[in-house]
Amino acid sequence: MYLQPSNQKKLYGLNNELIELINLYKNNKLPSKILLSGQKGVGKSTLAYHLINFILSQNEDFSYDLNNFLINSENKTFKLIQNKSNPNFILIDVVKDKQNIDISQIRNLKKDLEKTSFNNKPKFILIDNIEFLNINSINSLLKILEEPPINTYFLLINSEKKILPTLRSRCLNFRLFLSNQKSINIMSQILNSDIHDLINVDLLSYYNTPGKIYNLINLATENNINLREVNLDKFITLLIDESNYKKINSLKLLIYEFIEIYLIKKINPKNYLFVNNFFKKIKDTRKFNLDDETLFIEFKTKVLNG
């Protein structure tokens, strides 16, 4: 199972949001600069791809199926985006092995925007993970956003991270939200199986999103972990003992996420001060880029085994 927003042909849970954006477009009121914000994995990028496909595939064979909120994989727009050759679509994201979206990517974007759109169709620029724009990239992007080209739409994706107010103020913010139960229902539909038959309830929290559940299942599959049989304590221990987090940043972030879930679940009046202090250690470790391994070992020895 290797779903990505760009190839997720079915839209789940955000149907009303898509209809709202489409109606704005049909009435010539769609903002040229939109910030889609919400939890990681809630479906922001998927929503963006569906909106883009609906608009660009109009008048094409096999155009977007709005009745079923479904991208037809036979339409030209979808194929060109998959091949990274659609002249009316530009994706900006963190390049593999890079820490940030750097200035060269924005400079290249500026050059691309100087080219005319194809067949007079709108041009869409999707900027994912905007929290990873560095200061130089942001300044360069702000200049573009001040006077965007005609018939060009910017869709910026933010996973509830702090971004510069000057960038936020340039865009109309659409905040997306899914309830915990809705997230579980969505993943059950995608997998055609009840999530509770696949994952121990101890590993689920109110902070789950479809994307987070999906990544969790993939991680378990790759590491031969039976999510139905392990509880939260055991799962965190397995992740820490494996030590792959030293090489894989996404795995390290997952450990932090499950440690926080563990602390929230275990907090009570008797251990409040200890838990609160540990949350502060987590914050300081991440803020000042301190040694993650030291923190994880302390959590394992003093909390899990304490």
- Query: Can you name every residue in region 149-193 that is closer than 25 Å to ILE125 by Cα, modelled with pLDDT under 90 and either part of a loop (DSSP other than H, G, I, E, B) or under 17 Å from the mean Cα position of the chain (by Cα) (or both)?
  - Reply: SER159, GLU160, LYS161, LYS162, ILE163, LEU164
- Task: Being farther than 13 Å from VAL303 by Cβ and among the basic types (Lys, Arg) is the filter; apply it to region 237-271 and report the residue that is surrounded by the most Cβ atoms within 10 Å (Cβ to Cβ).
- Result: LYS252
- State all residues of region 272-297 that are within 17 Å of GLU242 (Cα to Cα) and surrounded by 14 or more Cβ atoms within 10 Å (Cβ to Cβ); if no residue qualifies, say none. ASP292, LEU295, PHE296
- Query: Would you say THR301 is surrounded by 11 or more Cβ atoms within 10 Å (Cβ to Cβ), in a helix (DSSP H, G or I), of a type outside the set (A, V, I, L, M) and at pLDDT 90 or above?
  - Reply: no
- Which listed residue is free of Cβ contacts under 8 Å to residues at least 60 places away in the same chain, buried (at least 18 other Cβ atoms within 10 Å of the Cβ) and within 30 Å of ASN88 (Cβ to Cβ), from ILE125, ILE157, ILE184: ILE125
- Task: Name every residue in region 194-245 that is part of a helix (DSSP H, G or I), more than 14 Å from GLY41 (Cβ to Cβ) and of a type in the set (S, T, N, Q), in order of residue number.
- Result: THR221, THR237, ASN244
- Note on the structure: Those residues of region 208-234 which are touching a helix residue (DSSP H, G or I) at 6+ places or on another chain (Cβ under 6 Å) and closer than 16 Å to LEU304 by Cβ amount to ASN231, LEU232, ASP233
- Item | Top-ranked residue of region 76-98 - restricted to ones that are modelled with pLDDT of 95 or more and β-branched (Val, Ile, Thr), ranked as nearest to ASP112 (Cα to Cα) | ILE90
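The values are calculated or read from the model by the stated rules, or taken from the named source; none is laboratory data. A quick note: this is a predicted structure, and the numbers were derived from the prediction, not measured. As a convention, Cβ positions derive from the backbone with ideal geometry for all residues, glycine included, and neighbour counts pool all protein chains shown.
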